[in-house]
Amino acid sequence: MGGGTIEVAMLDRAMEKANEAVARVKADVKNMQVPKSAAARNFHAAYLAMLETEEKLLAEELGSIVRTLKDPARPPRSRSASC
């Protein structure tokens, strides 16, 4: 990536797809019929918690990186992912 306009659009689309994927999986997992055993319920709850963490990482951590790469106030070379 050289930080150009096309790459920014690709980056935006990749973030959008990642967010959509996590949302889709989260919805599927929430709608699952979980067996009544404690182990199954605990696993289901832990998996949902992991998906919440993934959503947060995408929004906060990766989102921050994307915003930095897209910041027009930064010199083009410092916006490049190849740095």
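Straight-line reach only, C-alpha to C-alpha below 21 angstrom: list the lysines that Lys26 could link to, leaving out same-chain residues fewer than 8 apart.
Answer for Lys26, where 21 Å is the Cα cut-off: Lys17, Lys36, Lys56, listed by chain and number.
Report the net charge of residues surrounding Thr53, where surrounding means a beta-carbon distance below 12 angstrom and charges are Lys +1, Arg +1, Asp -1, Glu -1.
Here the count lands on -3.
Classify region 3-76 as rounded, prolate or oblate, taking a ≥ b ≥ c as the square roots of the eigenvalues of its Cα gyration tensor: rounded when a/c is under 1.5, otherwise prolate if a/b is larger than b/c and oblate if not.
Verdict is prolate for region 3-76.
Which of the peptides 31-42, 60-71 is most tightly packed, and how do the rest follow, judged by the mean count of other Cβ atoms within 10 Å per residue?
60-71, 31-42
For region 38-50, just list the computed ³J(HN,Hα) in residue order, Karplus coefficients 6.51, -1.76 and 1.60, θ = phi - 60°, integers in Hz, with x standing in for Gly and Pro.
Using θ = phi - 60°, the values come out as 4, 4, 5, 5, 5, 4, 4, 5, 5, 5, 5, 5, 5 Hz.
Work out the charge dipole of region 21-60 with +1 on the Cβ of Lys and Arg and -1 on the Cβ of Asp and Glu about the Cα centre, then indicate which of Ala39, Leu57, Val22 is farthest towards its positive end.
Ala39
No value in this document is a laboratory result; all are computed from the given coordinates. A quick note: this is a predicted structure, and the numbers were derived from the prediction, not measured. Every residue, glycine among them, receives a Cβ derived from its backbone with ideal geometry; neighbour counts consider all protein chains shown.
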